[in-house]
Ligand code: SDX
């Protein structure tokens, strides 16, 4: 924090406000004192508002930079694995060899669900959207861990984080199995985190399932690329829920609900639906015109970002991974990939998109990878939620272990002035 000041003139008043600098990134003006001056700031969508201080993730949207505890996302995706990234996001530093081994072992020992949780799945219709099931089941976890939910106790927060990291793949895979009418597969301790997820998704009791290492590597990259992203809509939801003192499972369930929207985590599912609707490269121009038409609600899903006004660094890694997976599966001529590549090429040359700095985001290629692996589009956001759980929990943990105040935004009131109830 520094002692620099910003001066705001409101009417005949001149208000001095403190200015703080972070490690990197824009300075912030502390406007908390404005309420005493009888004015609020106004920023629907929080375009220019820093809602908190955080040391977890830094994004430089103009230059396509994404750092997790200072490490660039492309280096983590190439050289780390998802559980090591989980340790980094939670603890602030990369683990040494012993810490990394112990963390992997700890997570392995929490992958099973309480057997009574199976009953929650049975309450849903078989054709329920898996995000609806995941929302309900994760919120219900709080009914099983009463003895470990004192949010003021760092050890209880740590065990809760380990449980969530470990159990989300089991819950996600069981959402899929339930929708398929297939038996749930229990986690296996001899497999890596990503191999275990593929085993629980595609294995059956009828035969031994051997995860394809190229596909397991691709899944681990997808988990890393979706792990955290600063104060996005779902993470801000988790922080706001957590600011009331709500238990961590309920807070993560609120993040899952927020992520479901097509403008946020639901975009990867919407990208595949859009590519299928386009159907052929010859139709791309029609859809580009629709995306530019103000009277048409159609948007190019997987394009644009509130923060990135350059390439989303995750999209580059995702695009390379898509080519590896499709090559491994002999799907290099996948028609959807052809449409996606042509769409990207046209959009990046079109003045409308260039002027608005609309580039492919993390969701543009992830769906192509997941579909090639055999995962249905309804499961795409479930996988995003499974990965983002470590980001949500790390932000929740950072907030509750600091000097937390309940979040309570104000408003610009444009309703009716005071009026009396009409006498009868
Ligand atoms: C994620 O916040 C995060 O970090 C999110 C995320 C994470 O990891 O948590 O990165 C994950 O949510 C990625 C984004 C996934 N969503 C989509 O792909 C859906 C399509 N994209 C858009 O809905 C939109 O780009 C947003 C929601 C992502 C960003 O919206 P903004 O910042 O509010 O931008 P805007 O709506 O103000 O758009 C600015 C202009 C508008 O045109 P004008 O009014 O200036 O004429 O760009 C246009 C918009 O109409 N525009 C698009 C467009 N996105 C913006 N036009 C066509 N297609 C698009 N995709």
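Values quoted throughout were computed directly from the atomic coordinates according to the rules given, and no laboratory measurement underlies them. This is a predicted model, so every value here is computed, not measured. Heads up, the Cβs are rebuilt from the backbone with ideal geometry, glycines too, and the neighbour counts pull from every protein chain shown.
Things to note:
- Listed peptides 351-364, 81-94 by packing density, highest first (mean Cβ within 10 Å): 81-94, 351-364
- Value of [θ]222 nm, deg cm²/dmol, for the chain, DSSP H segments ≥ 4, -39500 (n - 2.57) each, nearest 500: -15000 deg cm²/dmol
- Estimated FRET transfer efficiency (residue 421, residue 296; beta-carbon r; R0 56 Å; 0.05): 0.80
- Shape call, the range 372-416: gyration tensor on alpha carbons, a/c limit 1.5: oblate
- Three-way shape call for the range 184-301 based on the alpha-carbon gyration tensor, with the a/c threshold at 1.5: oblate
- Computed packing ranks the peptides 250-262, 299-311 as 250-262, 299-311, most packed first, by mean other Cβ atoms within 10 Å.
- Prolate/oblate/rounded label for the range 156-235 (Cα gyration tensor, a/c 1.5): prolate
- Relative packing of peptides 413-421, 312-320 - highest average C-beta neighbours within 10 Å first: 312-320, 413-421
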